[in-house]
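The structure appears below as structure tokens.
The values are calculated or read from the model by the stated rules, or taken from the named source; none is laboratory data. Just so you know, these numbers come straight off a predicted model, no measurement behind them. Cβ atoms come from the backbone with ideal geometry, glycine included; neighbour counts cover every protein chain shown.
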Amino acid sequence: MWIRDDSLIVVPRSIWKFLSLRGHFVVSLDHVLGCTVTTRPDRRVPVRFRIGGTAAAGLLAGNMISQGRRSWWAHRYGYPALVIDLRSNRYAQLVVDVEDPGATAAAIGAAIEDRSAVGTGRG
């Protein structure tokens, strides 16, 4: 996952690419509302139906839907996940495992803040 120009780019690696049936996401930072780190993302982003992907013992990967809201997952249960909240996008949330969720959340938060400052003339 990285931030380039005004976009957040999420690229699942190794087995996650195969299990989640997704090569990458490119999301404008204007569409990123924020992100949080949690060890129980299923409590924050409910999952009712899998509409492509994998749900197996200990992991959840691919497209999920609950209460009319679509989310994309690449997560192993028991590990901290980064939950990225989106607006005006096909997905309401992205739930991903990253190497350092705290640092990644801070970097995304800073990029959103910088983008907001530029948009309001404060930057």
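In table form, for the structure just shown:
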{"quantity": "Selected residue (criterion: farthest from Phe25 (Cα to Cα)) from residues of the range 91-103 that are touching a residue at least 60 places away in the same chain (Cβ under 8 Å) and in a helix (DSSP H, G or I)", "calculated": "Gly102"}
{"quantity": "Candidates Leu59, Leu94, Leu86 - the one that is modelled with pLDDT of 95 or more and touching a Leu at 6+ places or on another chain (Cβ under 9 Å)", "calculated": "Leu86"}
{"quantity": "Residue in the range 59-74 that is touching a residue at least 60 places away in the same chain (Cβ under 8 Å) and touching a strand residue (DSSP E or B) at 6+ places or on another chain (Cβ under 8 Å) present", "calculated": "yes"}
{"quantity": "Subset of the range 2-56 [surrounded by 11 or more Cβ atoms within 10 Å (Cβ to Cβ), among the aliphatic types (A, V, I, L, M), modelled with pLDDT of 80 or more and out of contact with any helix residue (DSSP H, G or I) (no Cβ under 9 Å at 6 or more places or on another chain)]", "calculated": "Ile9, Val10, Val27, Val45"}
{"quantity": "Failed item in (1) part of a loop (DSSP other than H, G, I, E, B); (2) modelled with pLDDT of 80 or more, with Ala106 passing the rest", "calculated": "(1)"}
